[in-house]
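Asks: Mind looking over this structure? Questions follow.
The values are calculated or read from the model by the stated rules, or taken from the named source; none is laboratory data. Please read all numbers here as calculations on a predicted model, not as lab measurements. All Cβ positions, even for glycine, are placed from backbone atoms using ideal geometry, and neighbour counts span all protein chains on display. Accessible surface areas use protein heavy atoms only, side chains included; no ligands, DNA or RNA. Shrake-Rupley method; radii C 1.70, N 1.55, O 1.52, S 1.80 Å.
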Amino acid sequence: MLRFDRVTTPRLVLRRWQPGDLDSFAALNSNPEVMRHFPSTYDRSATAAMISAWEARIERQGFGLWAVERAEDGALLGMAGLNPVPPGIITGEGLEIGWRLARHAWGHGYATEAGRAAVDVARRIRAQSVWSFTSIGNQRSQAVMRRLGLRFVRYFDHPNIPDGQSTRPHVLYQLDLAGSEPRSERQ
């Protein structure tokens, strides 16, 4: 099994989570502007559980949702990486590519840079495809998806978000790493 405990780019380090990351990531997860396209913010205990689950997955599979730090000063900017797609989103298998950055890190190209590193890891582990999804209103993340080469597949209602929540309508994008065009899926 290939292991990716640390992935570097010109400006970023995608790495395993460390105990000192909790405060910064909890602050990010509790920021209403950062979490505007999620059903809710997360408190410190939910953030700790999230980090613990992500760390366990990295340990088990050799890659995952890493902490993202700025290389020049070690500042934690957020998270990015690869995760199995949650059930009910696509038919078949695939890896989700995702990111979440602190508000001060927006607009600097960090999400795209981290996303490219994650796509490279997906290619190295021979993943067939990479998927990404977000609420319909999250134009910033959709722009990152397009910059990474993902293509729009369809609209859908996220199965893990209750009816009536404004964040339930989502868009789904895909990058086929096997070389063919994204397949169209219907719900």
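Asks: Working out 0.36 nm times the residue gap between Asp163 and Trp106, then minus their Cα-Cα distance, what length gain in nm do you get to one decimal?
Replies: 17.6 nm
Asks: Hey, another quick one. Using a 1.4 angstrom probe on the protein heavy atoms only, line up Ser45, Ser135 by accessible area, largest first.
Replies: Largest to smallest exposure gives the sequence Ser45, Ser135.
Asks: Compute the Rg/Rh shape ratio of the chain: radius of gyration over Kirkwood radius, all on alpha-carbon atoms.
Replies: The Rg/Rh ratio comes out at 0.93.
Asks: Give, rounded to the nearest 20 debye, the magnitude of the charge dipole that the range 1-132 has about its Cα centre when Lys and Arg contribute +1 at Cβ and Asp and Glu contribute -1 at Cβ.
Replies: So the magnitude is around 320 debye.
Asks: Please list Arg100, Arg146 in order of solvent-accessible area, largest first, computed with a 1.4 Å probe with all protein chains present.
Replies: Arg146, Arg100
Asks: Next up: Please give the net charge around Phe25, taking every other residue with its beta carbon less than 10 angstrom from that of Phe25, where Lys and Arg add +1 and Asp and Glu add -1.
Replies: In short, 0.
Asks: For the chain, the longest stretch holding no GluC sites (Glu not before Pro) located in a DSSP loop with at most 14 other Cβ atoms within 10 Å is which?
Replies: That gives 94-184 as the longest site-free run.
Asks: Along its principal axes, what span do the Cα atoms of the range 123-162 show, with the longest given first and each in whole Å?
Replies: 36, 21, 13
Asks: Ser30 to Leu2: extension gain in nm, 0.36 nm per residue of separation minus the Cα-Cα distance?
Replies: Length gained between Ser30 and Leu2: 6.7 nm.
Asks: For the chain, what relative contact order do you get, as a whole percent, if you take Cα pairs closer than 8 Å and at least 6 residues apart?
Replies: 19
Asks: List every residue whose amide H lies under 5 Å from the amide H of His158, counting only residues 5 or more places away in sequence or on a different chain, with H placed 1.01 Å from N in the peptide plane.
Replies: Excluding prolines and chain starts, which carry no amide H, the hits are His170.
Asks: Right, next: Out of Ile90, Pro19, Phe133, whose Cα points farthest toward the positive end of the dipole of the range 1-140 (charges: +1 Lys, Arg; -1 Asp, Glu; placed on Cβ)?
Replies: Ile90
Asks: Compute the projected area of the convex hull of the Cα atoms of the range 9-113, averaged over all viewing directions, and report it in nm² to one decimal place.
Replies: 7.1
Asks: With the radius of gyration and the Kirkwood radius both derived from the Cα set of the range 59-153, what is their ratio Rg to Rh?
Replies: My calculation puts Rg/Rh at 0.95.
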